[in-house]
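Please read the structure below before turning to the comments.
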Amino acid sequence: MPPYTQLNFDNFLFMILVGLGLAIAVILARGSEHLTFSFRSYTRAEEEQVHEFGGDVRESDRPVPWLIWLVFFGYFVWAVAYILFAGANGL
């Protein structure tokens, strides 16, 4: 078996995983208004209540979108994996 076959498979796997990751991130970003996570249920009136501040700044009491949770926890998973990988390889 030629040694280059494994390199081609690694590159193929990397392309597929990065592509799937980006596709999932785009889906979560586009659906962030509906794909949310919360420990309590919100009524429609609570979600539509908007607090206005000066300078055209507004906020609402909506649950946090899944994309934000993914980025938040993904950062910590990446940090732990990086520390373990760097420690195992002596970098």
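Every read-out reported here was derived from the displayed coordinates using simple, explicitly stated rules and does not represent laboratory data. Nothing here was measured: the structure is a model prediction, and the numbers come from that model. Positions of Cβ are generated from backbone atoms using ideal geometry, with glycine treated the same way; all protein chains shown enter the neighbour counts.
In table form, for the structure just shown:
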| item | result |
| --- | --- |
| ³J(HN,Hα), Karplus 6.51/-1.76/1.60, whole Hz, each residue of the range 18-29, x for Gly, Pro | 5, x, 5, x, 5, 5, 5, 4, 5, 4, 5, 5 |
| Inter-label distance, nm, simple model (7 Å from Cα along the C-beta direction), residue 70/residue 17 | 1.7 nm |
| Of 67, 79, 49, farthest towards positive along the dipole that unit charges on Lys, Arg, Asp, Glu beta carbons give the range 46-91 | 79 |
| Highest-first arrangement of 85-91, 62-68, where packing means the average Cβ count within 10 Å | 62-68, 85-91 |
| Contour minus Cα-Cα distance for residue 80 and residue 29 (0.36 nm per residue) | 15.9 nm |
